[in-house]
Every structure is written in C-alpha cells, then in structure tokens.
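Here the structure is laid out as structure tokens; the discussion comes afterwards.
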Amino acid sequence: MESYLGIALLLLPAVNAVSQVTYNVQEKQEVGSTVGNVKADAGFSAQYDSSELAMLRFSILPGNGGRKDGSRFFSIVKNTGILRLASVIDRDILCFTKPECPMSFDVAVAPREFLQIITVHINVLDLNDHIPVFSETSAQLAIPESSPVGTTFSLPAAQDQDGVDFSIVAYTIEPQLSEFEIRAEPNTMEAMNLDLVIRESLDRESTQRYAFTVTAIDGGNPPQIGTMDVEIIVTDANDNIPVFDESMYVVEIPEDTMVQSRLINIHAADRDDGANAVITYGFTSSTSSFYGNTFEIDEDSGDIILLQQLDRETEAEYELTVTAKDGGSNGRMVTADVVIRVADVNDNQPDISLNTLTDDGLAQVSEAEDAGAFVALLTVDDPDLAQNGNVVCSLNSREFSLQLMRENKYTIVTREKLDRETEASYVIEVRCHDNGSPMLTSQETIVIKVLDANDNPPSFTVPSYRVQILENNFPGSFILQVNATDPDLGASGKVSYRLKNDFNSLFRINTETGKIVTRVSLNHEMSSSLELVVEAFDQGEPALASTATIFIDILDVNDEIPMFPQAAPTFIFEENSPIGSEVGFLEAMDPDSPPFNEIKYSVAALDNKGLIFDVDEDSGRITSRLVLDREQQSVYYLQASAGNPGAPAMTSTVTITIYVSDQNDNAPQIDFPTVSNSTIYMSNKVLRDDFITQIRAHDVDTGENAKLDYSIVQQDGSQQDKLKVDSSTGAVYLNTDLSRIEYEQYFFKAVVSDRGEPSHSSQMFFTVVVDATLPPPGTILDDSKEKGQQDEANRNTNLTVVIIVVAVSIVFIIVLVVAIVFVVCKSKHDKHRERPMKIEQFQGKPQIFYEVKNNETKGGTLSNRAAFALENTADLHQNIFRGEGSHQSNDYVEQQVTYKPDVIPQKHQRSKAKMSSFKEPDDCGSDENSSSGDVSNADSGRGGSEEAPRAEYNPYATTSPSQRMPPCSSDHNNTLPLPPRANRPVSRGDAGSPEVPSASIRPGMRTIKLRDKYERQREHDSPDRRCFSLLNQHLASTSMDRSPSKGHIDMSGSHIV
C-alpha cells in the first residue's frame, strides 16, 4: 500500500501563477514510495471542474544538478500528479553535519491552456540509521602522576553520521572510577569533544595502570551505542596541552583556485619544552572521511592544501575539524574548527532547457490554434551569483515570442495563427546571456512543427457494398475489404475502421486494413441477411468519421431437420367413422428456406396388424383405412416421419398415439335375470322393503355410455307396484305386504338403459313366485335356545371388553388371556365333539337344522335348533365353497343369524331322514341316513304367467353308488351363508355386483352368533365339518352338476327365499 511520506504545506495558486507545495520525506524510503499528490495539494480542485481536472498533465522540469536539486530523486505520474521517489535519498551523504537537508524542483502543468509551474520543496528527514563509531577501537594515555585535579586529556571522539537529532548526546565509562570522569563539550563542527578529566590525585606507586570502556550514546529512540577501550598509564609529565591561535578559522577562496594551493595556515603552541612542545597537525576522523579527497593538512606546518578543483555551485562551504597533538609521551591533543567558503566567479554559461510538454519532446503547434498558442516552456538557469547569474533571453522570430512567467522561466507562444499549407515548420533560435564579467552567452535552436488541423473526414471509395456467403461457414471466413482515404496528415490522415451496429459478436474488422471476417458460423435460419455499418475514422482531435453500409446475404443450405412441435402427438378418433375420415394433421417445421423446407410425411404401424391409417405426404392429413371399433381396439400407435428434399435429405420421426373414442353403439347386456334363470321364489313371510334380488347388467361401452339405469315394469296391469328397484344399483326390494298370499305368481319386465346419446336399452322378463309354504329366512325352531344364546352373546361382549382393556394395558396379559381362552375353548370342543346336525324336509324344501348345546346356562343344558332355508342351491353351493361372509384367517368363524321363534307351524311334518353324529368317517356315507323330499322348480325360460311344474327333490336319495353321499372330508373350511336382508350390508361377491343392503332387525326378532371353532388337527375328526362337507358335495353332485337336457332337475334356475 502506498502512503504519503510528508505533509504538504501549500499556497493556493491563481490561474497562470506559480504555487508551491512542501513535503517532508524521510531518507532511505523505497523507490516508488508515494510522497504526495501535487494535483490535489496544489489546490486545482478549487480552480477547475472534474472534466478539466481529468485533462491536466504533470511533468518534472530538469534542474541544475546541484546538491539542492531534487529533480533527480523524484518522478511524477503524468495524469494523476502523484509524486513518487525515483531513487533512494541518503541524507547523511547529501547533507552531512547539516541540521536541515532541503531540496526543490519544478513541476510543469499541461496542456497549454492550463500551463502552470509548481515548485516542490522537499525536507529530507533523518533516520537513526548509523551507530556511533570511534576512530580507534582502543586508546592509551600516559598521564603524569603530578597532573593536578581538573587536568583534561583529549580522547578520540566518536562520530555518528546521522543528523543533529540522532548525533551523539552522551558518553559514559565502565567501570566508574573515582580518579577519572568523561567530559563531552559541544564542538562547532562535530557533536562534541571528548576529554578525560582527573578528579583525584594520582599516585604512580599505588596504581600504575587504569583500564575502562568509554561508551558513546546517540539521540535515537532506542539509542544506538559505540564503545572504545581506554588504558591509562601513570607517568611523569607533560602537563601542558597545545593551544590554537584561534578557536575557529574562517577563509574565503574563489572557486577557481588552483589545485595544490595552500588555503590557510593553522597554528598551535605548547608551553612545554622539548618533545612535549612539538606539535603535529591533522584532521579528525570524520573530516578525513568526508573531505580527505578535497583537502589535506601539512602535519608539521598546519597548512591546509586544496587537492581538487572547487565548484561553488556544488558545495559553497566546507566545515573542517583539525587537531593539534604535542610530542610528549602522553600525546596531549586539542581540536579547532576551520570554515572554508567558496567565492563565486562567473564560470557558468546560462543553461537553457526546453520542455514542449509533449510525449516525444518535439515543439509543435496546430494550424487551427489562435495567436498566443503555447509552443514550449523555456527554463534558463545560471548557478552563478548576483550579476553573474542574472540572465536575459531573446527570440529571433516574427511568428513566435517569449513571455516571462517568473525569473528565468519563459513560455514560447505564437504571435499569429499559423497556416500549415504555407509553412509546415519553423526553425528559431533562443539566445540567453548573463550580466557577469565577462558576459557569458548560450543559445538553443528550436524546430517548431506546424500540425495539420483535422478538417477532412475519411471517405469510402463506394458508399455501400453487397456480398453473399453460405451459412455454416468457418469462423474467420473472409467477407470483403473496405477502403477509405483521408487527405489530412499524420494522425488526422490515418484511417481506422470499426463496426457500428453491434455486430462485433458476429464479425471482426481489421482496424487498419478494413478487412472483414466472420467470428462465428453464420446461420441462415436465424437471419437471412444482415446490414453492417462500417465507420472509418481518423486519429485527429477531434476525430472525424464517415460510414458505409454492407449488405450481407446469408445463403441457405439444407442443415435443419424437420421437427415435430410435440414429442408424442396424440389424436382422438371416433369409432364407427367411415373409411377415409380425417383423424388429424401431422405438423412438422423446418426452419430452412425453400426448397429445403418442403416436408413430406409418412406413417408406419408399430404392430403386426397392418397399416390402418393413411397420411397425405404433402399436407400431413391422417385418414382411416378401416371402420374402427373401440371395443375391439381402443388405441393405435404409429411412427410418423417428416423429411425434406435436400441432399442429403433430413428426416425425423415421432411416435403418435390415436385414441378411439367411444360411441354408444352397444346396448346393455343383462346378466340376471336371464332366459335360463328368470324365476324367483319367496316366502309370504318376507317383509316390505326386504331385499329380494338384484338385476345385474353391463355395457361394453365406456363413460356415460356405460352407466346404467334400472327399472321394473309389472306385467299384470296392476296399479300397485309389488316390487321397487334402485335405479342405480338394480337392487330389488319388496314393496307390498304378502302375508295373506298363500301362493301366487307375478310377472315383471326388467329394463336396463344406458345414459348414452342416443340411449340404448335391454329388457328381460322374470317371474316372482310367492309361496306361503316357504319359511322365512333364518327361522329358529326352538324357543329355549334364546336365553342361552343371549347369555353367550353377553359373555362374548364382556370378554371383548376385557380383551380390549387388557390389550391396551399390557401385551403380556393379552397373550395370557388368549392362552386361557384357547384352553377353555379346547376343553369345550373336546367335551362337545358330537354336535348333531340334520337336514330335514319342510314342505318339500330341504332345511338344515344345527343343534347348539349350551352347558354354561344356569339350570342345565339347552338344546337350540337353528333352521336354514335353502335360498338357492346354486348360491348355497357357491357360498359354501367360497366361504362368503366368513373370516377364515381367524380361529373362530362367526355367522349372524336372524331368527324368530315359532315361525314354523307344527302341522308341517319333517322328514324322518336324520344324520347321526358321525363318530367315524365311514358312517358319513351310509345309505341309511338318507330320505326323500320334494323341491319346486320353475321353468325360467318361458317368461310367461303359466305356473311352473313342481318337482320333488330328495337331497339324500341316491340312484347309484356314484350318487351316494361321499364320506366327510376335512378339506373344506366353509360356513353356511345367510340370506341377505334389505338394509344389512352384504359382502360384494363378484367385482361387478354392487353392495346389497340388508333389512333392519325388527322388534320381536333376535340375533345370535354361532361360533365354530377350527382347530387344525382336531377339525379333521370333527363331525360338524365332515357333515357340512358331505352336504356341499352331495348338493353339488345331485343338483349343480345336472342339466335339464339330461332329464334332471336344474336347481340353478330357481331362487328359494
């Protein structure tokens, strides 16, 4: 980081006046260190605005080369005015022994209209960079023992080359001696003289020798020191010191004094006799070090002799320190100061310095400038004094004149406006002389060049150009070369080129030759033509310019692939549309120009079914080749291609999807009732709003076309609807009271309509047979079972609550309870392995009776009988084998049975066919356990009102060994189905069958749960399971596997409710 080395003390200048700035610079700073900012410190910001300040240029004017000339030590940044060190300044060499070290130089401010001279004063500050140095590292003195107290003896003083502030300030001795002390007295020429003073009388017999160290301390912080070892020998003595005639000698000599001249004689006397009175003269070590090459002193006579030529302008005064030492054994020495002043003689001619304030140093002026235009700055310097340095200058020209700025500084300006065409340059002579005697004269020849005014803009050979280039060119491709000329001279006539309208990213122009090439590969699709504006401009001030237009036509090549705007186009096409119907249009885009953007279309099938669609290769219109049926195939995939006729041709492909939309072209298909299954039997005990059956249908169409509405039309013309149907689900419910009907047939028409436009419908006739001999579903024959069932239900409920509470509390207790329940249930199962079941005939219909024993009822065992009416042998068979309504993943299967006590009249006699307890598997297939019975079957295919013939059905009767009931098997784990009620939820069996609500439980009816325990090992021997399997297999073999075509009864065509 640059830092200022001094503080500027400045006077604010007026325009065209001289101002001054002063900086303090510490010695030995690095080259390039910032001293100050002349531009800021001279107060220019108060004179000029920001634009004018930016125009200022600064330069250091050369000096006379003297000691105080600081121009050689500094440099200045031309446009900012920042002053920096150009070389290292050593103050100790430049201004040795001087309390101050000043220097100065001048700074010129350009351009001409802002011309000023700034004088910069520099004070060089000292550093404590030298340590005190004794001329001798050790000294020996012989001091007579008779020397009185207070006698002084000179010691070699230390020399510090730093300035006054850091020179030697004190001396000390170590160790401290009571006999001696050090006394340092100021000296005019040096810091101080060093004397050894006797404080006590010496006794040679007691002490012949003393040794100590003298330390010199300078004024730095921290101080620096130098040491010298001193040895004192006590002798007889030389008790008088030499004494100079004068304490200071001053002499003035002209600067042209000849070398080897004797300048002054220095004399000292010693009152001793003999050798003690012989004086030897010399210079101190510091004087010898700095001025030993210029002066010498005769050690015998004391004459100071000049050794080299003097120059007052370099050094006007010399300050020397001489010594006088007697010849005694103790060699006592004293010093004196000698000042030699150099008198001036007129030995210097005026020194003329020209500064044109131009980069090349040439004097020049523009023909466009008015009179008084600045040409050059003239500085004349004569280092002589008085009249010898008083200089007068003149100029031998009519076109130019000198204007005095201040003493010895002039400006050369024009007297009138110049004309370059008349005179291109001028040679003038500047003459300067001093007023010394003899007069000395100097002259300087100046060549002034008249600059051409920039009054002619460049001119193109043609005002516009047109060129063609193929797209996809290589970067750097040549376009054309433009040419413009300018009749002006120099920079004003030098023509350069540049692009004007922001096409530098695409093109590059050689600024000197006008050659234009491409930077990038051009793209016709982005722009087929461009207009470049080329500007030719000269280098004049101000620059003049002209422009030309270049029209560039970018020719097309087939480099673009036709592209589909969609990655996967889709179309929707209506089924049953005639051949040739429009599906849609393929659209691809090719950014090329004609003929490369003419696109041809084609399609290909992506399956092996052949091409079903055509496409017009020009328009892209897709049409059908066949009449499509959505129900056969709803979606088609094609590969579409788009290509152009270029060479080579460019082609792109895309997969298109054609969805066939639905038409309402299919009527609903009724799944139930059907021609072969259209009769429903029901008991007159069925209640109003009970669920009867469900009309089932489907439609192969989709959407609204597949949504169905159901309705029933009663065929007997009755005003009262016996049935009602849910129009959305097809569920059929009883809508009247049947309790007074013993036997009756009703004929209905089921109508199913879709919601398409136009709507399609289908119908099917069905018959409902009401038979009072049929029991209601879920009849319970034994009243005594109610209490046991209720107790069982209560116990189950309590157990459930206990299990839930315990499960939330502790899992371990749950496991324990489950284990306990398992053990209890196992014990009950072992105790009641024989659970009798029998199938009896009730009014010609097969009934299942299942006896439940409850040993937990207080007061003894209750034997309850649950009767199940066969609703539909097909449904029964299906439900038994499918296990609908059961939860086969649990240990228990619970069936909800709704019953009403005493619903079966006593007058109806049951068949004596009874199934025993089947303790052994072989007993299950016994012929003795079968009986005959009747079952009614209606011909569902007639659809009329004629009563269907009844057929007696004995589920246990067999006609052959193959029809006998098979032995009980343990492979089936099924439960008996329950007939659904109108508002009771029923599990959906088939995916297409809606839920059928069941009827609510009415007062007077009770609900029990039958629990069958399934134990995997014990169930193989369970007579209950074997008998259920026996029933299932027997029903399947005798009713489900027979068809009417073979003369057997088909139970699948009837419903028994």
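Computed from the coordinates by the stated procedures, all read-outs in this text should not be read as laboratory data. In this text the structure is predicted, and so the values were computed from the model without any measurement. FYI the Cβ positions are ideal-geometry reconstructions off the backbone, even for glycines, and counts take in every protein chain you see.
Computed quantities for the displayed model
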item	result
Diffusion constant of region 86-189 at 25 °C, which comes from Stokes-Einstein with the Kirkwood Cα-pair radius and 0.890 mPa s, µm²/s	135
Under the Karplus curve 6.51 cos²θ - 1.76 cosθ + 1.60, θ = phi - 60°, whole-Hz ³J(HN,Hα) for region 51-58, x wherever Gly or Pro sits	5, 6, 4, 5, 8, 5, 10, 10
Within region 570-661: Cβ-based charge dipole about Cα centre, in debye rounded to nearest 20 (Lys, Arg +1; Asp, Glu -1)	200
Ranked 112, 630, criterion: other C-beta atoms within 10 Å, fewest first	112, 630
Distance histogram for region 669-771 (every C-alpha pair counted, 10 angstrom bins, percent rounded to whole numbers)	15, 47, 28, 9, 1
Sequence-separation-based contact order of region 19-125, relative, with Cα cut under 8 Å and 6+ spacing, percent	37
Region 19-125 - charge dipole about Cα centre, Lys and Arg +1 at Cβ, Asp and Glu -1, debye rounded to 20	220
Residue order, fewest to most surrounding Cβ atoms within 10 angstrom, among 765, 551, 134	551, 765, 134
Computed label-point distance, nm, for sites residue 256 and residue 172 using a 7 Å Cα→Cβ extension	5.7
Rg/Rg_ref, region 489-604, where Rg_ref = 2.2 N^0.38 Å and atoms are Cα	1.90
Distance in nm between pseudo-label sites at residue 86 and residue 55 (7 Å out along the Cβ direction from Cα)	2.7
Stokes-Einstein D for region 459-555, Kirkwood Rh over Cα pairs, 4 °C, 1.567 mPa s (µm²/s)	94
Mean projected area in nm² (Cα convex hull; one quarter of hull surface) for region 84-128	3.9
With eigenvalues of the C-alpha gyration tensor scaled by 5 and rooted, region 19-125, Å	27, 13, 12
Alpha-carbon Rg with Dmax, taken over region 351-396, Å	14.1, 43
From the C-alpha gyration tensor of region 239-343, square roots of 5λ in Å	28, 12, 11
Rg over Rh, two decimals, region 130-237 (C-alpha only, Kirkwood Rh)	1.01
Shape metrics for region 570-661, restricted to C-alpha atoms - Rg then Dmax, Å	14.2, 46
Whole-Å distance, taken between Cα centres, linking region 325-363 and region 460-480	73
Quarter of the Cα convex hull surface for region 438-495, i.e. its orientation-mean projected area (nm²)	8.2
Net charge contributed by nearby residues that have their C-beta within less than 13 Å of residue 46 (K/R +1, D/E -1)	-2
Prolate/oblate/rounded call for region 300-383, Cα gyration tensor, a/c under 1.5 rounded	prolate
